[in-house]
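Please read the structure below before turning to the comments.
The values are calculated or read from the model by the stated rules, or taken from the named source; none is laboratory data. On a predicted model such as this, the values are computed, not experimentally measured, just so you know. Quick reminder, even Gly has a Cβ in these numbers, built from the backbone with ideal geometry, and neighbours come from all protein chains shown.
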Amino acid sequence: MTTEKLRWAAEQYAQWGVDVEAALAALAQIPISIHCWQGDDVIGFDGAGDLSGGIQATGNYPGRARSFTELKQDIETMLCLIPGHHRLNLHASYAVFEPGQKAERDQLEIQHFQPWIDFAKERGLGLDFNPTLFGHPLAQTATLSSADETIRQFWIRHCQACIRIAESFADQLGTSSLVNIWIPDGLKDIPADRTSPRQRLKASLDQILAMDYDRSKVKVAVESKVFGIGIESYTVGSHEFYMNYAAQNGLLCLLDSGHYHPTETISDKISAMLMFTDELALHISRPVRWDSDHVVLYDDETRQIAQEIICSGAERIRIATDYFDASINRIAAWVIGVRSVQKALLNALLTPQEKMAKLQKQQRFTELMALQEQLKMAPIGEVWEVFCLRQGVPGENAWLKVVQDYEKEVLLKRNEEKEEIA
């Protein structure tokens with residue numbers, strides 16, 4: 001029956017000049033860097049306390065991972081439900097310490113992440129990395145833009161340690177690692193001086209990048225945000241700041257789809273940014289009004305982002321997910337979000353891009369609009385089911401049962417157990 005459905009779907013797409021088999025092959029080659037922090041509400045393992053920095057995971061769904069062992073178990077379950085071969089995105093706060101061996105963030109070393117590397121080797125995953133400049137006593141007011149030189153140097157050392165760790169990821173795994181720098185620095189109310197904090201941020205980044213590291217192994221990115229809880233009026237690391245800094249210093253500018261004004265989308269920025277850089281990094285999230293970290297859905301903006309990725313060349317874009325929802329089953333949140341990104345990419349691969357571009361060039365806008373509407377009713381669901389089947393994961397009607405069984409057998413029992421030591 002699946003073969004018959006695929007044949008029928010392929011015939012439908014063929015009328016628009018689309019090769020379904022080519023689309024399936026291309027989708028299998030596009031990795032997504034899946035964020036680890038959905039599994040434990042961004043808490044991490046270093047026990048620093050509350051999140052801070054305008055970050056908040058709402059909800060208290062049972063079964064949150066409390067240790068490396070539990071988080072790894074949840075990630076393994078999640079990966080079995082997502083087709084394709086992907087990457088894992090870690091925050092520095094997920095260092096794994098032996099009992100009594102905790103290290104401060106500016107003293108982190110590769111040994112604290114060796115369990116993650118071993119796991120990545122077992123699963124065939126690449127690893128990406130993020131300095132954790134929040135959820136720490138020294139991140140209460142500012143980090144890389146701090147007027148306190150002691151605090152600023154602490155976070156500079158932390159970022160440099162993360163770059164060294166990422167270089168070891170690349171050495172051991174044979175694939176480059178993206179290190180993404182995001183800071184929560186800003187002010188709740190109207191600033192009197194916008195310049196000085198940005199001067200300090202620039203000086204901090206300059207000092208971080210002055211270290212010796214292999215740029216073919218470590219790709220450094222900088223990520224902006226327009227607003228956060230407690231920094232509503234002024235964000236030091238704005239889009240304009242990082243866009244220019246990245247261009248001047250040969251870094252990747254990372255666009256997070258939830259970090260802009262509610263009516264502003266990153267899909268329109270992708271082609272513009274790629275006019276001036278070889279690579280671009282994305283965090284795909286789902287903003288709802290001013291909140292940026294909802295589970296990604298197969299919605300209009302996600303599909304448009306995917307269209308721009310495929311049109312611009314997926315090999316030029318480092319795709320990652322970034323959201324955290326504690327109000328629903330956390331594994332289901334992972335699966336829904338990542339599979340939604342993949343569905344959007346498949347939709348883009350099944351779109352007759354050249355035909356539509358030709359219609360636009362010839363100003364045949366009536367035909368273009370009609371074709372765009374026809375494609376919304378195309379049988380992508382049948383093609384997606386075949387992709388899942390070929391990749392050895394459950395289809396749309398089957399994956400949730402796996403998650404529900406895991407919840408009964410594993411997650412609900414965690415609330416009855418004492419917290420485990422990683």
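Points to keep in mind about this one:
The rows are residues; the columns are (1) among the β-branched types (Val, Ile, Thr); (2) in the same structural domain as Ile270 (by TED's automatic domain parsing).
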site	(1), (2)
Arg303	no, yes
Ile309	yes, yes
Arg330	no, yes
Ile336	yes, yes
Leu345	no, yes
Gln363	no, no
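- Output for segment 145-163, where each listed residue is more than 17 Å from Ser93 (Cβ to Cβ) and either of a type in the set (Val, Ile, Thr) or within 24 Å of the chain's Cα centre (by Cα) (or both): Thr150, Ile151, Ile156
- Ser67 vs. criteria surrounded by 19 or more Cβ atoms within 10 Å (Cβ to Cβ) and of a type in the set (S, T, N, Q): no
- Residue check, Arg198 basic (Lys, Arg), within 30 Å of Pro262 (Cβ to Cβ) and either buried (at least 17 other Cβ atoms within 10 Å of the Cβ) or outside the structural domain of Gly250 (by TED's automatic domain parsing) (or both): yes
- Across segment 209-257, the qualifying residues are those that are at pLDDT below 95 and among the charged types (D, E, K, R), and the one among them that is farthest from the chain's Cα centre (by Cα) is Glu232.
- The single condition among (1) of a type outside the set (Asp, Glu); (2) crowded, with 22+ Cβ neighbours inside 10 Å; (3) out of contact with any helix residue (DSSP H, G or I) (no Cβ under 8 Å at 6 or more places or on another chain) that His85 does not satisfy is (2).
- Of residues in segment 122-174 being modelled with pLDDT under 95 and among the polar types (S, T, N, Q), the one farthest from Ile82 (Cα to Cα): Thr141
- Residue count, segment 346-367 (criterion: in a loop (DSSP other than H, G, I, E, B) and either surrounded by 13 or more Cβ atoms within 10 Å (Cβ to Cβ) or touching a helix residue (DSSP H, G or I) at 6+ places or on another chain (Cβ under 8 Å) (or both)): 4
- Against the test of being crowded, with 20+ Cβ neighbours inside 10 Å, at negative phi and not in a helix (DSSP H, G or I), the options Ile229, Ile183 yield a single qualifying residue, Ile183.
- Check on Ser168, out of contact with any helix residue (DSSP H, G or I) (no Cβ under 6 Å at 6 or more places or on another chain) and assigned to a helix (DSSP H, G or I): no
- Condition met for Ile82 (in contact with a strand residue (DSSP E or B) (Cβ under 9 Å, 6 or more places away or on another chain) and at pLDDT 95 or above): yes
- Restricting attention to segment 222-264, the residues that are under 18 Å from Arg318 (Cα atoms) and β-branched (Val, Ile, Thr) total 1.
- Residue count for segment 35-59 satisfying the condition of being at pLDDT below 90 and either under 17 Å from Asp293 (Cα atoms) or surrounded by fewer than 18 Cβ atoms within 10 Å (Cβ to Cβ) (or both): 12.
- Filter result for the condition that a residue is within 28 Å of Ile34 (Cα to Cα), crowded, with 21+ Cβ neighbours inside 10 Å and of a type outside the set (Phe, Trp, Tyr), over Gly237, Gly174, Gly124: Gly237
- When Trp116 is tested against (1) aromatic (Phe, Trp, Tyr); (2) in contact with a helix residue (DSSP H, G or I) (Cβ under 7 Å, 6 or more places away or on another chain); (3) outside any loop (DSSP other than H, G, I, E, B), only condition (2) is not met.
- Residues (on the phi > 0 side of the Ramachandran plot and surrounded by 17 or more Cβ atoms within 10 Å (Cβ to Cβ)) located in segment 385-395: none
- Condition check for Pro62: closer than 26 Å to Thr321 by Cα and surrounded by 14 or more Cβ atoms within 10 Å (Cβ to Cβ): no
- The residues of segment 92-121 that are of a type outside the set (Asp, Glu) and closer than 28 Å to Gln391 by Cα, listed by number, are Pro115, Trp116, Ile117, Phe119, Ala120, Lys121.
- Within segment 96-116, the set of residues being among the hydrophobic types (A, V, I, L, M, F, W, C) and more than 19 Å from the chain's Cα centre (by Cα) comprises Val96, Phe97, Ala103, Leu108, Ile110, Phe113.
- Extreme residue, farthest from Asp128 (Cα to Cα), among residues of segment 189-226 that are part of a loop (DSSP other than H, G, I, E, B) and of a type in the set (A, V, I, L, M): Ala192
- Residue among Ala370, Ala398 that alone is within 25 Å of His294 (Cα to Cα), among the aliphatic types (A, V, I, L, M), without any contact (Cβ under 8 Å) to a residue 24 or more places away in the chain and surrounded by fewer than 15 Cβ atoms within 10 Å (Cβ to Cβ): Ala398
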